[in-house]
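Novice: The structure's right below; bear with me while I get my questions together.
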Amino acid sequence: MKRVLACAVVLWCAVWLISLRPPFPEPLISVPALLAVAAASAAVAWSPGTRPLLAPLTALVGAAGAACTLVWLSDPAGMAGPATYFHTLAVLTLITMTVRWSPLPRGVPAVVVAAVAEALLALQVVPVRSVTEAVAFGLFWSFGTAGAVGLGAYLRVLDARRERAVREARRSQRMQLARDLHDFVAHDVSAMVLQAQAAQILLESSPREAAATLRAIEEDGTRALASMDRTVRMLRELEGEPVSAEPLPGLDDLPGLVRRFAEAGFPETELELTPPGSVSREVATTVYRIVAEALTNVRKHAPAGSSVAIRVTDEAGATVLTVADRAGAPAQPRLPGSARPGVGLAGLAERVEALGGTFGAGRAGDGGWLVKVAFPGGRT
């Protein structure tokens, strides 16, 4: 794009120089025209750098052009040539860019000054015999100004829409990262809380078991820190910083997740993992998150030792996940502050629906809690 703009500026200046052949136009016509062409060329070639200067530059070009035209009208010496047309195009270019990029408090006065100067340029082209003719032809010449203002306003609206879309996309990505942080960290932190409670009980009666529990807390804390570090790197990536990508957990990580859950007080936890031959990364990651959130809820609400069955199966080409807690929920939550309803499964339900799947969670027939998710066409 920069090369195209540079070529356009060079071509513009070349045509302008070719047009300056004897007989040369008067300095009152050629000098402001040359100033306008130079200003417009600089604004186009270095657009990002000149945006703060667009309004004063447009106002300066307009004021210089209007003053020179009025002086020339006091004693006109023949009609102008190509210089006036180049002057007009340059002023219209500056008006368009000013409307697009400049703040309204500075842009409006600059555009008004440039519009008046552009209307006066009509008097250099056609001789007029009365004020009425001058006003009429000036208004006709101002159709170009109206078009430039309209084009600049249209581009300004497009820029605003694009910026709004970028903000919404970044907000959506940040919300997704917040959900990721919840999905991956809440499971490990809830395990740390329960293990810390157990360690307090075992500290005096069984120091060896308490030490093993503390080591498990250390492992869960390390995983939670890794999840937060991954989220921070993804946030930096959103800001345009180069970071190394780290894959999110998927189906291959489920056995380790279930094993750690079983060792933390739920030995009767079984996993059946027979998914389709090939599952997309998005589906695999979502399945992992749902299992982690469901196990976190079991840890919060179900009695210690509850049996949990986790199955990831292939049903007619669809990836189906079920997490069933066969014990039901006690009257009191097992973790501090867990009485209030969470938002983890609700957020995951939205993600499942976005991937074209179905999500269900509720009481099972035996009084336990059942989560069931299906991803039709979950293959890559």
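The values are calculated or read from the model by the stated rules, or taken from the named source; none is laboratory data. Fair warning: this is a prediction, and the values are worked out from it, not measured in the lab. Counting neighbours? That spans all protein chains shown, and the Cβs are built from the backbone with ideal geometry, glycine included. Note: areas computed on protein heavy atoms with side chains; ligands, DNA, RNA excluded. Shrake-Rupley method; radii C 1.70, N 1.55, O 1.52, S 1.80 Å.
Novice: Which residue out of A191, A216, A198, A226 is at pLDDT 75 or above and surrounded by 14 or more Cβ atoms within 10 Å (Cβ to Cβ)?
Specialist: Step by step, each of A191, A216, A198, A226 is checked, and only A216 is at pLDDT 75 or above and surrounded by 14 or more Cβ atoms within 10 Å (Cβ to Cβ).
Novice: Please note which helices (runs of 4 or more DSSP H) are completely contained in the stretch 22-141 and include at least 2 residues that are over 40 Å from the mean Cα position of the chain (by Cα).
Specialist: Details: elements: 27-45, 47-50, 54-74, 82-101, 104-120, 122-125, 131-141.
The qualifying helices (runs of 4 or more DSSP H) are 27-45, 54-74, 82-101, 104-120, 122-125, 131-141.
Novice: Which one of these does G250 not meet: (1) open to solvent by 50 Å² or more (accessible area, probe 1.4 Å); (2) at pLDDT 80 or above?
Specialist: (1)
Novice: Read through the list (1) open to solvent by 10 Å² or more (accessible area, probe 1.4 Å); (2) without any contact (Cβ under 8 Å) to a residue 24 or more places away in the chain; (3) not aromatic (F, W, Y), then give the number of the only condition that A122 fails.
Specialist: Of everything listed in (1) open to solvent by 10 Å² or more (accessible area, probe 1.4 Å); (2) without any contact (Cβ under 8 Å) to a residue 24 or more places away in the chain; (3) not aromatic (F, W, Y), A122 misses just condition (1).
Novice: Also: From the residues in the stretch 264-284 that are assigned to a helix (DSSP H, G or I) and modelled with pLDDT under 85, which one is least open to solvent (accessible area, probe 1.4 Å)?
Specialist: The extreme case among them is E282.
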